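One structure is given here, and the rest of the page talks about it.
The values are calculated or read from the model by the stated rules, or taken from the named source; none is laboratory data. None of the values given here were measured: they were computed from a predicted structure. Backbone-built Cβ (ideal geometry, glycine too); neighbour counts: all protein chains shown. Side chains are part of the model used for accessible areas, which takes the heavy atoms of the whole protein and leaves out ligands, DNA and RNA. Shrake-Rupley method; radii C 1.70, N 1.55, O 1.52, S 1.80 Å.
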Amino acid sequence: MTKKQELIDILKPVKQEHILQFWDELSKDQKKQLETQIREIDWPTVTQWALDAIKDEATSIPFDKLKPAPYYPLVPETNKDIEFYDKARKKGVKLLKDGKVAAFTVAGGQGTRLGYDGPKGTFKVSPAKNKSLFQIFAESIICNQNKYGCKIKWYIMTSKINDVQTREFFAENNYFGLDEKQVKLFTQATLPAFGLDGKALLEAKDSLALSPNGHGGSFEALKASGALDDMIKNNIAHLSYWQVDNPLIMVMDPLFIGMHHLTESDMSSRALIKRDYAEKLGHFCILDNKLIIVEYSDMPEALAKQTDCSGRLAFRAGSPAMHVLKTAFIERITSGKLDFKPHKALKKVPHIDGNANQINPQQPNAIKLEFFLFDALPLANNPLILETDRDEQFAPVKNKTGEDSPQTCQEALLNRAKKWLEEAGIKLPENTSVELSTKSFVEKQDVIDRAKAKTLPALTPGKINYWE
Ligand code: UTP
């Protein structure tokens, strides 16, 4: 049988033979590329996902059964909790000292809203020194290593669109002072985009329009890349997970890690109290005794607005996508076939038409399929939620301007520094601010300790200072 016929046999049953429409014009290498792409996809499953996504306007969540998920408050309110938080913090420190915790960043996204040409982690965001997101995290890891006297492995998920550039960026910058061997990059899988007629789109005659399969693709990618085996080999019990666009993240939080460990949680989450019902954060909910996250776009307005007896929003716990995951949990859920269903996003996807004309759509024209990390929550035993403080830990860079933009993120970094300095008894003069390097300052106590030791640098009024 010819190669073309073999591929037709794969694609015809799912009505996707148009993918081979330019086959006879392709060179040997081009044929090889397209063949590889086709063979990597489970076509019956993926086509069905796309068709379901196109048909299915409404979500199938039984909203009348949803309950708000309980969470631990930021500040313990009872004596029992005060004791528990204290014990948890100590446990977290011990786990870090013992080298039981690794860092895990998902950085495979396309960053389309930011419109920046390059991997988002290379985006320069710090207000005085113009440090990239990756540098801020790397230095934060170094600070934690010094604090806890340990070595912290850092796993970073990239995608085919940004893996090479990300690797080059780390190499050019000497891994920002980390040991090359402790930084493990691995690549997630891709999925094809589909037109609204259910046909997979071609980016070129020899290529499908592929995009990364969502941050939920990390489970399969951890397993397939050998990163999970590496963690097991290195006795790593837990992963501290964050997304690449939030430089305020406390990359290692002993309290959160310790609570996760002591409660035997498989997957723990931080929660942000929503500013208002419309804030674009997923809602932590309980459905049939399982923890789930309902996306803000799926939540009926009436439910999002519901208040409890204290007058606060009932579904106020929103997800900023910060988690701690047990390595054994990842091992368990990836030991068989992971039965995640992708979420759909209606997007503008450039492609070629049947006459090989380039189409650059002005309106959304395609369905992209993405797995979400939080879909693992219902599979987790004892999932724990701990409130977080927005000003301390969350200011993502999502958009070019306006909300969640580089400007709001820089303001948040400077405001947090100002608050930490005030708590250490330092009042900033007018028009003066400080960028605190994560090499030395990853929590308020670091500023207080340096103030006590009188080792803080001098302050120049009227500018953005940089302190290490
Ligand atoms: P977002 O959902 O904000 O997507 O990703 P994005 O790709 O960064 O930006 P837009 O939506 O195109 O503007 C949240 C986090 O998940 C990672 C991103 O890199 C970011 O850290 N992510 C997203 C992946 O690692 N892989 C994906 O396939 C998607």
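Tell me the angle of helix 43-55 to the major Cα principal axis of the chain, expressed in degrees between 0 and 90 and rounded to the nearest ten.
Compared with the principal axis, the helix lies near 80 degrees.
So between L262 and E422, what do we pick up on full extension, going 0.36 nm a residue minus the alpha carbon distance?
54.3 nm
So what is the accessible area of segment 190-325 per residue, in Å², with the probe set to 1.4 Å?
In whole numbers, segment 190-325 has 35 Å² accessible per residue.
Once you compute Rg and the Kirkwood Rh from C-alpha atoms, what is the Rg to Rh ratio for segment 204-363?
So for segment 204-363, dividing Rg by the Kirkwood Rh gives 1.04.
Set the Förster distance to 35 Å, then compute FRET efficiency between R167 and N399 from the Cβ-Cβ distance, nearest 0.05.
0.85
Tell me which of A88, A204, H260 sits at the most positive position along the dipole axis of the chain, charges placed on C-beta atoms (Lys, Arg +1; Asp, Glu -1).
So the residue we want is A88.
How many nm is it between the label spots at D42 and T2, if each spot is 7 Å from the Cα in line with the beta carbon?
Here the answer is 3.1 nm between the modelled labels.
To the nearest 20 debye, what charge dipole does segment 300-426 have about its Cα centre, counting +1 at the Cβ of each Lys and Arg and -1 at the Cβ of each Asp and Glu?
Once rounded to the nearest 20, the dipole reads 380 debye.
Among I359, S433, F371, which residue has its Cα furthest toward the positive end of the charge dipole of segment 354-441, with +1 on Lys/Arg Cβ and -1 on Asp/Glu Cβ?
I359
Please name whichever of P44, F63, F22 sits farthest to the positive end of the charge dipole of the chain, dipole taken about the Cα centre and charges placed at Cβ: Lys and Arg +1, Asp and Glu -1.
So the residue we want is F63.
Mind listing the long-range amide H neighbours of S269? Cut-off is under 5 Å, sequence gap 5 or more, other chains count too, H placed in the peptide plane at 1.01 Å from N.
Those qualifying (amide H under 5 Å, at least 5 residues apart or on another chain) are V324, L384, I385, L386.
Residue by residue through segment 391-404, which ³J(HN,Hα) values in whole Hz follow from phi under the Karplus form 6.51 cos²θ - 1.76 cosθ + 1.60 (θ = phi - 60°), with glycine and proline marked x?
Once rounded to whole Hz, the list reads 5, 7, 9, 9, 7, x, 9, 10, 10, 5, 9, x, 4, 6.
Does anyone have the angle between helix 163-172 and the longest principal axis of the chain? Alpha-carbon axes, 0 to 90°, nearest 10?
40 degrees
Spin-label point model (7 Å from Cα, Cβ direction): what's the D197 to K454 distance in nm?
Label-label distance for D197 and K454, simple model: 7.9 nm.
Rounding to the nearest 20 debye, state how big the charge dipole of segment 146-199 is about its Cα centre with +1 on each Lys and Arg Cβ and -1 on each Asp and Glu Cβ.
280 debye
Write down Rg/Rh for the chain, rounded to two decimals, with Rg from the C-alpha atoms and Rh from the Kirkwood relation over Cα pairs.
Result for the chain is an Rg/Rh of 0.99.
If you average over every viewing direction, what projected area does the convex hull of the Cα atoms of segment 269-378 give, in nm²? Write out the running numbers ahead of the final one.
Working: hull surface 42.4 nm².
Seen from a random direction, the Cα hull of segment 269-378 projects 10.6 nm² on average.
Go through K153, K100, K305 and list them by solvent-accessible area, largest first, probe radius 1.4 Å.
The ranking, largest first, comes out as K305, K100, K153.
What's the Kirkwood radius of segment 135-242 in Å, using all Cα pairs?
Numbers: mean 1/r = 0.0629 Å⁻¹.
With all distinct Cα pairs of segment 135-242 included, I get 15.9 Å.
Count charges around D52 for me, please; just the other residues with Cβ under 9 Å from its Cβ, Lys/Arg as +1, Asp/Glu as -1.
Local net charge: +2.
Would you work out if segment 355-468 is rounded, prolate or oblate? Take a ≥ b ≥ c from the square roots of the eigenvalues of the alpha-carbon gyration tensor; rounded if a/c is under 1.5, else prolate when a/b is larger than b/c, oblate otherwise.
Values: a/c = 3.59, a/b = 1.70, b/c = 2.11.
The shape class here is oblate.
Within the chain, what percent of beta bridges assigned by DSSP are antiparallel, to the nearest 5?
60 percent
Between D298 and K12, with labels modelled 7 Å along Cα→Cβ, what's the label distance in nm to one decimal, could you check?
Between D298 and K12, the simple spin-label model gives 3.8 nm.
Check L185: other-chain or 5+ apart residues with amide H under 5 Å from its amide H, H built from backbone geometry?
I156
Using a 1.4 angstrom probe on the protein heavy atoms only, line up W49, W242 by accessible area, largest first.
Highest to lowest solvent-accessible surface, that is W49, W242.
Go ahead and run the numbers for FRET between N360 and D389, Cβ-Cβ distance against an R0 of 35 Å, rounding to 0.05.
Working from the Cβ atoms, E equals 0.25.
For the cross-link pairs K120/K151; K347/K418; K65/K341; K280/K344; K181/K326; K129/K160, which exceed 28 Å when the distance is taken from alpha carbon to alpha carbon?
Where the Cα-Cα span goes over 28 Å, the pairs concerned are K347/K418; K129/K160.
How large is the dipole of the chain about the Cα centre if only Lys and Arg carry +1 and Asp and Glu carry -1, each at its Cβ, rounded to the nearest 20 debye?
Around 920 debye, computed over the chain.
Quick one: divide the alpha-carbon radius of gyration of segment 1-119 by 2.2 N^0.38 Å and tell me what you get. Don't skip to the answer; put the middle values down first.
Details: Rg = 25.9 Å, N = 119, 2.2 N^0.38 = 13.5 Å.
Normalised Cα radius of gyration, segment 1-119: 1.91.
Taking all pairs of different Cα atoms in segment 154-212, averaging 1/r and flipping that mean, what Kirkwood radius in angstroms comes out? Show your work: numbers first, answer last.
On the way: mean 1/r = 0.0744 Å⁻¹.
Over segment 154-212, the inverse of the mean reciprocal pair distance is 13.4 Å.
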